[in-house]
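Visitor: Got a structure here, written out as structure tokens. Questions coming.
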Amino acid sequence: MKHMTGAELTIKLLERQNINIIAGIPGGSNLPLYDALSKSRSIRHILTRHEQGAGFIAQGITRTTGKPSVCFATSGPGATNVFTAIADAKLDSIPVICITGQVSSHLIGTDAFQEVDTYGMSMAITKHNFLVRSAHDLLDIIPKAFRIALSGRPGPVLIDIPRDVQTQVTEIDTFPEPGAAEPSPAPDRASLEKAARMINAAQRPILYIGGGIIHSNAADSVKLLAENARIPVAMSLNGLCAMPTDHALALGMLGMHGAPYTNLAFEECDLIIAAGTRFDDRATGKLAEFCPGAGIIHIDIDPSELNKLKQTHVAVRADAREFLKAIMPLIEKRDRKPWHSRIAQLKKQHPMVMQGKDDPVKPYGIIRMIGELAGDDAIITTDVGKHQMWVAQAYPFKRPRQFLTSGGLGTMGFGLPAAIGAALAYPSRKVVCFSGDGSILMNIQEFATAVEEETDIAVVLFNNNSLGLVRQQQDLFFGRRYFASEFKTVVDFPAIARGFGLRTFDLTGRNDPAATCAEALASRGPCLIHVPTGLNEDVYPMVPPGAANREMICSKASNY
């Protein structure tokens, strides 16, 4: 029989879940947890400068490793600060466990200092949440939280622990088994056979894959199916890097900023095999006009996604990897030469034009150059904006879990703390964060965390002194009325970065940017590569909001 406080029990149970890094910030309502954490021999704490940073560091760890991670926040503003990172994890299906402190139980509902209804406020942005009533309940709640986060469609779980529960002493006979993912449902045999018949009969099929392929570790299975049946593969933003960019069957990203030939290939396909993706509007454009003549096979672990947005011909609730493995013996080998000849023709007639791709001072040129310098082992994160789309279009991704970006929520401020999390998970690998001046200011305080933890991160900052993608939409769709999208103050980012302790490399006026970038990436530790960027360096193609993908604008002067 052991006696432990709720705080001590929480840390013990997290150790049993093999958690070795926790990012967070202490406060009055979670100090007992921190006191217990200080005695742990296996968990390293990362003191962030903002709770949102803690949540995104946890995401960076999970997105790169595929394993659940944990972040801490105190009550009130600590909890509300971390909510953005939790909502982001919900939309991108990331299994993060967020543990918040709460005011003591007898104060809940009294408007006590730093009290908010964390449980109620977080219901819509978590897969599940708990308000702990007694220390003994933690024996059930913490393993259950991990099981829920990992089972089926992954997602974040929040555990709110009042301060008195953290200090309450409880008796423990035995510790529960660590929480783990429940087995996935086996693919329905009849659905498998029907899907196989449709694939075998298709003349112009496309595999359309999303982030679920990454979560289920199904990238190898996708590649095998594609190669055996000669099916081209298109990816959503979160599905990028599931297939090497240079693979002969890779069509790249579809949708709002996808390649013209990719979007046009969807117009002509006769079958879509959608796996681990949810027909997001940024990928499909106007949904009613997305491949209206194609058959649709949809595979998703989440039954609520099936037939939610697009009516399917075969809907299969299954883990993507298990489905692909089960269907492979039923798929006939085909060459589909006419379809591949047509795609080659589309690529020639409607190419992906990257202005300045060979110019090392232009955005596409910088990204391609960084891709060569950083190597295939590098981990790439982005914030949200033009730079995010430039990277999605141009970076030479080679393997799963190489690309970390905020897809569903589109959160500015994601890139830097996510990069810190990736660097903590893989300290021997170079991490490159592409950001913009608008995005970096959202969580710039985490430069201090990056320096303190000696993370090997290079932040490539495209600076056009504006909210670039907002300005581009104003240019295209709002009569060039540039309101609240251009900054009046010119920020000296290299000076700020030096103030945090980063090495800085400014490409302003540099004659040899390649040599400067090579120097920056060659040495270890956090650094900033400052890239002055023209205000009119835009991202194309672009599908107007509410339009069909075939209506993409490919430049300011032309459209299809």
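Any read-out appearing in this document is the output of simple, stated calculations on the displayed coordinates, not a laboratory observation. Source: prediction; values computed, not measured. When we count neighbours, we look across all protein chains shown, and the Cβ atoms used for this are built from the backbone with ideal geometry, even at glycine.
Visitor: Round to a whole angstrom and tell me the spacing of the C-alpha centers of region 63-133 and region 273-300.
Guide: Cα centres, region 63-133 to region 273-300: 33 Å.
Visitor: Largest first and to the nearest Å, give the Cα extent of the chain along each principal axis.
Guide: The Cα atoms of the chain stretch 72, 64, 42 Å along the principal axes, largest first.
Visitor: Sticking with this one: What percent of all Cα-Cα pairs in region 451-560 falls in each 5 Å bin, counting up from 0?
Guide: Pair shares across the bins are 2, 10, 17, 16, 14, 13, 12, 10, 6, 1, 0.
Visitor: Hey, rough spin-label estimate for residue 111 and residue 1, points 7 angstrom out along Cα→Cβ, what's it come to in nanometres?
Guide: Using points 7 Å along Cα→Cβ, the separation is 4.5 nm.
Visitor: Taking the mean number of other Cβ atoms within 10 Å as a proxy for protection, how do you rank 90-98, 411-419 from highest to lowest? Walk me through the numbers before you get to the answer.
Guide: Working: 90-98: 25.2, 411-419: 30.2.
Top to bottom by mean Cβ count within 10 Å: 411-419, 90-98.
Visitor: Once phi is turned into θ = phi - 60°, what whole-Hz ³J(HN,Hα) does the Karplus curve with 6.51, -1.76 and 1.60 give for every residue of region 240-250, x standing for Gly and Pro?
Guide: Whole-Hz 3J(HN,Hα) from phi for region 240-250: 4, 5, 5, 10, x, 4, 8, 5, 4, 9, 7.
Visitor: Moving on to the next point. From the Cα gyration tensor of region 189-349, with a ≥ b ≥ c the square roots of its eigenvalues, which class applies: rounded if a/c is under 1.5, or else prolate if a/b is larger than b/c, or else oblate? Provide the component values of the computation, followed by the final result.
Guide: On the way: a/c = 1.32, a/b = 1.14, b/c = 1.16.
Rounded shape, in that the Cα axes give a/c under 1.5.
Visitor: Cβ under 14 Å from residue 279's Cβ, residue 279 left aside: what net charge do those residues give with Lys, Arg +1 and Asp, Glu -1?
Guide: Result for the neighbourhood of residue 279: -1.
Visitor: Here's something else I'd like to know. What is the Cα centroid distance between region 362-402 and region 468-543, reported in whole angstrom?
Guide: 15 Å
Visitor: Using amide H atoms built 1.01 Å from N in the peptide plane, name the residues 5+ places from residue 295, or on other chains, whose amide H lies under 5 Å from its own.
Guide: The list, which skips near neighbours in sequence, is 271, 272.
Visitor: Among 339, 513, 309, flag the residue with its Cα farthest along the positive direction of the charge dipole of the chain, charges on Cβ as +1 for Lys/Arg and -1 for Asp/Glu.
Guide: Working it through, the farthest residue towards the positive pole turns out to be 339.
Visitor: Among 159-169, 66-76, how do they line up by average Cβ neighbours within 10 Å per residue, starting with the highest? It would help to have the intermediate numbers written out before the result.
Guide: Values: 159-169: 22.1, 66-76: 25.2.
Listed from highest to lowest mean packing, they are 66-76, 159-169.
Visitor: Quickly estimate the mean residue ellipticity at 222 nm for the chain, helices only: each DSSP H run with n ≥ 4 gives -39500 (n - 2.57), and the total goes over all residues, rounded to 500.
Guide: Values: 22 runs with 206 residues, N = 560.
Only helices count here, giving -10500 deg cm²/dmol.
Visitor: While we're on this one: Counting other beta carbons within 10 Å of each Cβ, put 198, 442, 243 in order, fewest first.
Guide: Exposure proxy ranking, most exposed first: 198, 442, 243.
Visitor: Right, something else. With a bin width of 5 angstrom, please list the P(r) values of region 345-433 as percents of all Cα-Cα pairs, from the 0 bin to the one holding the largest distance.
Guide: Whole-percent P(r) values from 0 Å outward: 3, 14, 22, 22, 20, 12, 5, 2, 1.
Visitor: Can I ask one more? Suppose R0 equals 60 Å. What FRET efficiency, 1/(1 + (r/R0)^6) with r the Cβ-Cβ distance, do residue 518 and residue 173 give to the nearest 0.05? Spell out each step's value before the answer.
Guide: Numbers: r = 60 Å, r/R0 = 1.00.
Working from the Cβ atoms, E equals 0.50.
Visitor: Could you tell me whether region 276-353 comes out rounded, prolate or oblate from its Cα gyration tensor? Rule is a ≥ b ≥ c as square roots of the eigenvalues, rounded for a/c under 1.5, then prolate if a/b exceeds b/c, otherwise oblate.
Guide: Values: a/c = 2.26, a/b = 1.24, b/c = 1.83.
The shape class here is oblate.
Visitor: Can you compute log10 of I(q)/I(0) for region 2-172 with the Debye formula, treating each Cα as one identical point scatterer, at q = 0.13, 0.18 Å⁻¹?
Guide: Values, matching the q order: -0.53, -1.08.
Visitor: Quick one: in region 98-230, what % of C-alpha pairs are over 24 Å apart?
Guide: 52 percent
Visitor: Follow-up question, since we're still on this one. Return the percentage of antiparallel bridges among DSSP beta bridges fully within region 363-539, rounded to the nearest 5 %. Write out the running numbers ahead of the final one.
Guide: Values: 1 of 23 bridges.
Beta bridges within region 363-539, antiparallel portion: roughly 5 percent.
Visitor: For residue 20, what residues show an amide H to amide H distance below 5 Å, using hydrogens built from the backbone and excluding near sequence neighbours?
Guide: none
Visitor: Region 363-539: percent of C-alpha pairs farther apart than 24 Å?
Guide: Numbers: 4780 of 15576 pairs.
When all Cα pairs of region 363-539 are counted, 31 percent exceed 24 Å.
Visitor: Compute, for region 189-349, the length of the dipole vector about the Cα centre, with Cβ point charges of +1 (Lys, Arg) and -1 (Asp, Glu) only. Units Debye, rounded to 20. Working shown, then result.
Guide: On the way: 21 positive and 17 negative charges, 77 e Å.
In total the dipole reaches around 380 debye.
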